[in-house]
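Below is one structure, written out as structure tokens, with a few remarks after it.
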Amino acid sequence: MPAGPAGGLSTIQPMNEFDVHVLGAGIVGRSLALGLARAGLRVALQAEPARAGAEDVRAYALNAASVELLRGLKVWDALPAGAATAVLDMHVQGDAHASAIDFSAWQQRVSALAWITDAAVLERELASAVRFAPHVTVVDAASRVQATLTALCEGKASASREALGVGFERHDYGHQAIAARLTSSRGHQGIARQWFRAPDVLALLPFDTPQPEHSYALVWSLPNERAQALLALDRAAFEQALMQATGGEAGELQLVSERAAWPLMQAKASAWCGPGWVLLGDAAHVVHPLAGQGLNLGLADVAALVRVITQREPWRALGDERLLRRYARERIAPTWAMGQVTDGLLGLFSHEAPALRELRNRGLSLVNRLSPLKRWLTTRALDS
Ligand SMILES: Cc1cc2nc3c(=O)[nH]c(=O)nc-3n(C[C@H](O)[C@H](O)[C@H](O)COP(=O)(O)OP(=O)(O)OC[C@H]3O[C@@H](n4cnc5c(N)ncnc54)[C@H](O)[C@@H]3O)c2cc1C
């Protein structure tokens with residue numbers, strides 16, 4: 001990978017040498033920089049200038065493997081109180097009232113099914129950990145960086161991936177996800193709730209900020225036009241629409257943040273690595289957020305690459321494609337499987353034909369009675 005853009009004579013800076021040049025200071029890029037630095041490598045982390053604007057209102061459902069990684073980076077335990085809430089139960093409802101599936105941490109013998117984590121707070125904590133990491137140097141696009149390996153963590157619109165000529169096969173769903181924060185008249189009791197209501201999918205993720213035990217993070221995926229119509233509603237009308245969609249099952253809901261929307265797609269890169277470069281996170285793969293797995297997959301990429309690098313033969317160069325292929329081989333299969341599951345679920349629940357509706361509702365009730373299958377599904381979601 002080339003370093004930063006070539007400058008004229010007057011702007012030439014000294015070349016700085018690093019082991020790894022990480023492009024992109026999102027959660028995946030920062031976690032990778034910290035992980036590699038802890039392994040003793042010299043890392044240049046390329047960040048874009050901070051943009052003014054509203055804070056990310058999303059809260060991510062992080063699995064046990066992601067929490068373990070962030071704990072190892074000394075970030076998880078530094079999160080302020082109220083920034084992460086354990087999910088103890090999950091209630092997933094089909095479009096017929098009687099069809100539902102329940103997952104419970106207790107039944108699955110785990111301490112939590114997931115942890116709902118404030119996106120903006122996690123980003124801030126990672127940024128602060130990077131500032132204090134002795135082997136990480138934050139650089140900008142104009143810096144002249146020489147490194148043996150370039151790790152692309154630039155997100156789904158990665159320009160460097162495109163510059164390398166790596167394809168990105170994408171399927172746009174024609175849907176958007178609206179995210180916002182809510183409070184409720186009823187305590188959440190650690191229960192995540194999800195409604196599959198063809199064609200939309202609505203999730204209420206239990207959260208403890210601003211009101212402990214009475215807050216939710218909303219993720220509501222809908223066809224583009226319907227999402228835009230909901231965003232155009234005033235606060236009271238939006239709350240009314242929420243009450244209608246949830247049937248009041250989570251109590252009376254109040255909007256306590258801005259609403260923001262993200263276009264939804266499924267995508268995968270045609271190659272994950274080459275001589276001297278590697279892709280991680282959304283730059284390599286994007287999945288629908290209905291299963292809350294995109295970032296979990298990205299953090300699993302980080303854990304895998306750090307492990308492959310630290311376990312390499314002493315004589316093997318960091319940019320050796322054969323080394324990087326070990327990482328890609330490990331990650332491509334679980335990422336593909338997760339993409340198939342989320343896409344399949346969405347396809348199944350987006351049809352409004354009565355026969356299909358009946359079939360999927362029966363299917364949900366059946367899965368609910370099959371403990372081993374439920375355990376298998378939970379394990380996949382916890383480990384991604
Ligand atoms: C509504 C919604 C809800 C979601 N909920 C969940 C969830 O519950 N659980 C979950 O696991 N996942 C969830 N996801 C998925 C998750 O948001 C993404 O998978 C994750 O943010 C990807 O992180 P990333 O660091 O790879 O990419 P990004 O978050 O896109 O970060 C990339 C960063 O790189 C910067 N950048 C780009 N180019 C350059 C460059 N050349 N130099 C320097 N910097 C650059 C960008 O500005 C950006 O800051 C959700 C997604 C959506 C849309």
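The values are calculated or read from the model by the stated rules, or taken from the named source; none is laboratory data. Being a predicted model, the structure only gives us computed values, none of them experimental. Please note: Cβ atoms are built from the backbone with ideal geometry, for glycine as well, and neighbour counts cover all protein chains shown. SASA here: full protein model, heavy atoms, side chains in, ligands and nucleic acids out. Shrake-Rupley method; radii C 1.70, N 1.55, O 1.52, S 1.80 Å.
Points worth noting:
- Stretching the chain fully between MET265 and ARG38 yields a gain of 78.3 nm (0.36 nm per residue, less the alpha carbon separation).
- Working ranking of peptides 188-194, 48-54 by packing, defined as the average number of other Cβ atoms within 10 Å per residue, highest first, is 188-194, 48-54.
- Whole-number Å³ per residue for the convex hull built on Cα positions in region 131-262: 186
- Unit charges on C-beta of K, R, D, E only; dipole of region 95-148, Debye: 320
- Cβ charges +1 (Lys, Arg) and -1 (Asp, Glu), total dipole of region 288-335, debye: 120
- Förster-model FRET efficiency, 22 Å R0, ALA81 and VAL256, C-beta, rounded to 0.05: 0.75
- Annotation: LYS74 carries an accessible surface of approximately 140 Å², with a 1.4 Å probe and no ligand, DNA or RNA atoms counted.
- The Rg/Rh ratio of region 76-187, with both radii computed over alpha carbons and Rh defined as the Kirkwood radius, is 1.07.
- Amide hydrogen proximity for VAL139: with H placed 1.01 Å from N in the peptide plane, the residues at 5 or more positions away or on another chain lying under 5 Å are LEU45, GLN46, ALA47.
- Ranking by accessible area, most exposed first, for MET338, MET90 with a 1.4 Å probe: MET90, MET338
- Using the Cβ-Cβ distance between ALA241 and GLU313 with R0 set to 56 Å, the FRET efficiency works out to roughly 0.45.
- The slack in the chain from GLU249 to ARG186, taken as 0.36 nm per residue of separation less the alpha-carbon distance, amounts to 21.8 nm.
- About the Cα centre, charge dipole magnitude for region 220-325 (Lys/Arg +1, Asp/Glu -1 at Cβ), debye: 540
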